[in-house]
There are 2 protein chains.
Amino acid sequence: MPGPRRKTAPERNDDNPANRREDLVRVAARLFREKGFDGTTVRDIATAVGMRSGSPFYHFANKHELLMAVMEEGLRLGLERSEAVIEDAGLPAMERFKRLVRTHYGILHDTGSDFIPVMLYDWRSLPDQYKRRIIELKDRYDDIWQSTLEDLQRQGLIRTDAKLARLMILGAINFSATWYHARSRAKNAVSLDALAEQTVALVTHPT
Amino acid sequence: MPGPRRKTAPERNDDNPANRREDLVRVAARLFREKGFDGTTVRDIATAVGMRSGSPFYHFANKHELLMAVMEEGLRLGLERSEAVIEDAGLPAMERFKRLVRTHYGILHDTGSDFIPVMLYDWRSLPDQYKRRIIELKDRYDDIWQSTLEDLQRQGLIRTDAKLARLMILGAINFSATWYHARSRAKNAVSLDALAEQTVALVTHPT
DNA sequence: CCTACCGATCGGTAGG
DNA sequence: CCTACCGATCGGTAGG
């Protein structure tokens, strides 16, 4: 008997269970971003990876654990990239800041990078018991920004309290998830590089 | 026969149908903000205003029209307050900007002001056919900010393109919906006045 | 990972 | 605005 009809070919790796799990997380991220956690059914996700409706529950105990996996993957990838920026010890704070800003825009808008937007916009759908684990990772990410902004503030390049600056700057960048669309062909489309540059120009005060 | 049990007294006005409609919009805004559009049932809303499950459909054709009414009310209130700021012709651009920032924080965090946060976080739940009407109002709101930021830029108080500045600054403020909680008793709690001040300090460059 | 299925919930409606 | 209700959908499961 044929499976359910699909409009597009399923996105699947080979049959290695670990890879199939990855498929689910990646596709879930995309669908959650597009339609929200509550607006996406487990059936939608299953179909998109070429499974039947009950099979995702072989990989995840329930839908919420799939949501957590999406967020966790986003923070894991984000931490990897941002820690690499920080580890370059010779970099001046201003240069570190510029790279962190550009990296964060990439995390939001690079192709296939749907994990962090899901965290930002479906945070309230995550049950409290799962939040702890994500918060732990999120705190590490915030720390990277925090220490960089404290350096900038000491140098007089930023005028406000470092913590508030962090919340506002990340807020400004995060909000681009609602209006920036990389695929847009509009003439006035801005590159991520330009966007990062403008963001830095807006909030820093060169002496 | 008694109605369904409630944990809290229903929030109701008198029986004037227009007032009951307002009750629904206000309560829906609060619940949508807390639990999301998809996470809130029409039954939840009905119970909270002291109606039975089918009765909201006497006031609204469907759940989506209730969502639209919430967003519309938010923009109506926001426009009212912001236009008042703009209309004071004698005001320097910098002072206008400060007041707009403070006003926007109020729109997000004043008691009972849940309409705009719903628009920000449940925008994708609004069907396209309803979006047009909301976009029209939203454009008027953006115009107020846009012209003020253009003035600031001409005076050299802001370093970036006015449109990008608008998106980034409103983004920074809007994102406070995810982390600022007016009721929080934390010692480091910041007032909306202080928040507005810090925001202005972050993005303006006094000469 | 599939088949076959269930229990619960939910938006919405007819008729008063 | 209430009563009584329906059709559809959905997360999740047993058994293989």
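The values are calculated or read from the model by the stated rules, or taken from the named source; none is laboratory data. Small disclaimer: the values here were computed from a predicted structure and weren't measured. For neighbour counting, all protein chains shown are included, and Cβ atoms are generated from backbone atoms with ideal geometry for every residue, glycine included. These accessible areas exclude ligands, DNA and RNA; they are computed on the full protein's heavy atoms, side chains included. Shrake-Rupley method; radii C 1.70, N 1.55, O 1.52, S 1.80 Å.
Values computed for the structure shown
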read-out	value
Helices (runs of 4 or more DSSP H) (entirely within the stretch B:124-194) containing at least 2 residues that are open to solvent by less than 20 Å² (accessible area, probe 1.4 Å) and farther than 19 Å from A:Thr178 by Cβ	B:128-154
Among (1) in contact (Cβ under 8 Å) with a residue 24 or more places away in the chain; (2) farther than 29 Å from A:Ala18 by Cβ; (3) away from chain B (no Cβ under 14 Å), the one test that A:Asp143 misses	(1)
Residue within the stretch A:26-37 that is aliphatic (A, V, I, L, M), modelled with pLDDT of 95 or more, within 14 Å of DNA strand C (Cβ to nearest atom) and buried (at least 17 other Cβ atoms within 10 Å of the Cβ) present	yes
Scan of the stretch B:150-174 for residues that are within 7 Å of chain A (Cβ to nearest Cβ) and farther than 12 Å from B:Thr199 by Cα, ordered by number	B:Arg159, B:Thr160, B:Asp161, B:Leu164, B:Ala165, B:Leu167
Pair list, Cβ under 8 Å, 6 or more apart: the stretch B:64-82 residue free of Cβ contacts under 8 Å to residues at least 12 places away in the same chain, other residue open to solvent by 10 Å² or more (accessible area, probe 1.4 Å) and among the aliphatic types (A, V, I, L, M)	none
Single match in A:Phe60, A:Phe37, A:Phe32 (criterion: away from chain B (no Cβ under 14 Å), within 16 Å of DNA strand D (Cβ to nearest atom) and aromatic (Phe, Trp, Tyr))	A:Phe60
Of all residues in the stretch A:45-73 being open to solvent by 40 Å² or more (accessible area, probe 1.4 Å) and more than 14 Å from DNA strand C (Cβ to nearest atom), the one that is farthest from A:Arg124 (Cα to Cα)	A:Glu73
Test set (1) within 11 Å of chain A (Cβ to nearest Cβ); (2) touching a residue at least 12 places away in the same chain (Cβ under 8 Å); (3) open to solvent by less than 10 Å² (accessible area, probe 1.4 Å) - B:Leu108 fails condition number	(1)
